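Right, one structure below, let's go through it.
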Amino acid sequence: MSLQERVTQAYIERFGERPLYIVRAPGRVNLIGEHTDYNDGFVLPMAIDRSIYIALSPRADNRVELHSLDLDTPAEFSLSAFEKGDEGWVEYVKGMAWVLQEAGFELTGWQGISAGDIPVGAGLSSSAALELAVARAFATVSDLPWDTAQMALLGQKCENKWVGVNCGIMDQMISAAGKEGHALLIDCRSLESCLVPLPKGTAVVILDTATRRGLVDSAYNERRQQCEEAAAYFGVPALRDVDIDTFNAKADGLDPLTRKRARHVITENQRTLDAMAAMLQEEPRELGRLLNESHASLRNDFEVSSKELNQIVECATRRDTAIFGARMTGAGFGGCAVALVRDYNAKAFGNAVAACYQAATGLQPNIYICYPSDGANVIVSN
Ligand code: GLA
């Protein structure tokens, strides 16, 4: 049964009628442009064909009631009186209500059932998907205008201010604005974006190391701070404003660690723009080379990779008949790598990488061949 059918059926069982709407929002994988979003730089993610679905109808009593088919605790609260708690996924629902109200929107209550197939904690942005699906739910029942950049910013505010995770804008932007068949080059300063088709004959394979880490971890915040220090040293608002020549001319005055962090961000920004050009010119080999370089930079300069991520990338890049390139993706320290491969070889590639990784680590990885999908949308409106 599809997720759409599951949430519909569960809605009918619980509420005794068909839902008026079904909304969904996808997870994402970042092809390139890692740890550049909070430096006002460029990212090149795609929305994946794994999503969170919500079947819902409005309610007249100003309450929200959302049951998840994946998690036990329901989200149940009144829109006129709710407070922050520590109830895991429920906080994303309340947090979205809060940011939308703070933005001046008048909200209608609703009841719904949700279910998803984005692995949680794998670095595929299940939380951004939940934020955007809930935003879509509120926007649909409350008849709000849907502006993708605004909704993405509100999702990020929910994460930063309500949930307490200091993330950048990439995950919410791509979950809001993804497009089937395409990756999206996002300028994280202006929030302008540009659709970039995947090169013909290629497939994107996500390689999940089966190791996890929470984002609320100090390492992410420490990297952000090092980037801010480097930007201050160069006298600019963000590292986005430093090009490689300026870096090479002045970097000697930075302490060695901050210098490495800055070098990653500055070179990664350029690689991301180069990757877009390679995609537009249908040059998967060049794109793959940039992915490999990105991994080396994240491993050596930014130091956010891990033994397992390095191992799975090494297993992937060894398969030279299928592979164009591979790198760790997302915040790092665990989670997934992403590989660009020849599409007709994708399945065999995944099996070979899984066997190689398992033999080396004893861990059973998950392999997902992914297709670029649409951002948050309303798929049924009765
Ligand atoms: C996490 C954050 C993003 C981004 C990446 C690293 O996914 O949520 O905003 O900073 O890490 O590129």
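With the chain treated as a Gaussian network of Cα nodes joined by springs under 10 Å, which of Leu69, Leu31, Leu185 yields the largest mean-square fluctuation? Ranking Leu69, Leu31, Leu185 by mean-square fluctuation puts Leu69 first. For the range 202-370, the relative contact order comes to 35 percent (Cα pairs under 8 Å, sequence separation of at least 6). Close lysine pairs were tallied over the chain: pairs 8 or more places apart or on different chains with Cα atoms under 15 Å apart number 6. Applying a DSSP loop filter and a limit of 10 other Cβ atoms within 10 Å to the GluC sites (Glu not before Pro) in the range 1-73 leaves Glu17. In the chain, the portion of solvent-accessible area held by carbon and sulfur atoms comes to 46 percent [1.4 Å probe, whole percent, DNA, RNA and ligands not counted].
For the chain, DSSP calls about 90 percent of its internal beta bridges antiparallel. The loop-placed GluC sites (Glu not before Pro) in the range 132-199, going by DSSP, that have at most 16 neighbouring Cβ atoms within 10 Å of their Cβ come out as Glu180, Glu192.
Got a sec? What order do Ser193, Ser51 fall in by accessible area at 1.4 Å, biggest, i.e. largest, first?
Descending accessible area places them as Ser193, Ser51.
By the gyration tensor of its Cα atoms, with a ≥ b ≥ c the square roots of the eigenvalues, what is the shape of the range 1-139: rounded for a/c under 1.5, prolate for a/b over b/c, or oblate? Cα axes put the range 1-139 in the oblate bin. Taking a ≥ b ≥ c as the square roots of the eigenvalues of the alpha-carbon gyration tensor, the range 202-370 is classed oblate because a/c is 1.5 or more while a/b is no larger than b/c.
Ala81 to Arg189: extension gain in nm, 0.36 nm per residue of separation minus the Cα-Cα distance?
Extending this stretch completely gives an extra 35.4 nm.
Other residues with beta-carbon under 11 Å from the beta-carbon of Ser373 carry, at +1 per Lys or Arg and -1 per Asp or Glu, a net charge of +1.
Annotation for the range 46-114: chymotrypsin sites (Phe, Trp or Tyr not before Pro) lying in DSSP loop with at most 11 further Cβ atoms inside 10 Å of their Cβ do not exist.
Could you give the accessible area per residue of the chain, probe 1.4 Å, as a whole number in Å²?
In whole numbers, the chain has 40 Å² accessible per residue.
Over the chain, Cα pairs under 8 Å with separation of 6+ residues give a relative contact order of 24 percent. For the pair the range 314-382 / the range 1-36, the C-alpha centres are spaced 22 Å from each other. The range 65-140 and the range 227-299 have their alpha-carbon centroids 36 Å apart.
Placing unit charges on the Cβ atoms of the charged side chains and taking the dipole of the range 286-349 about its Cα centre, the candidate lying farthest along the positive direction among Leu291, Ser305, Phe324 is Phe324.
The values are calculated or read from the model by the stated rules, or taken from the named source; none is laboratory data. Quick caveat, the model's predicted, so the values are computed rather than measured. In this analysis, Cβ positions are derived from the backbone assuming ideal geometry, glycine residues included, and neighbour counts consider all displayed protein chains. Only protein heavy atoms, including side chains, enter the accessible area calculation; ligands, DNA and RNA are left aside. Shrake-Rupley method; radii C 1.70, N 1.55, O 1.52, S 1.80 Å.
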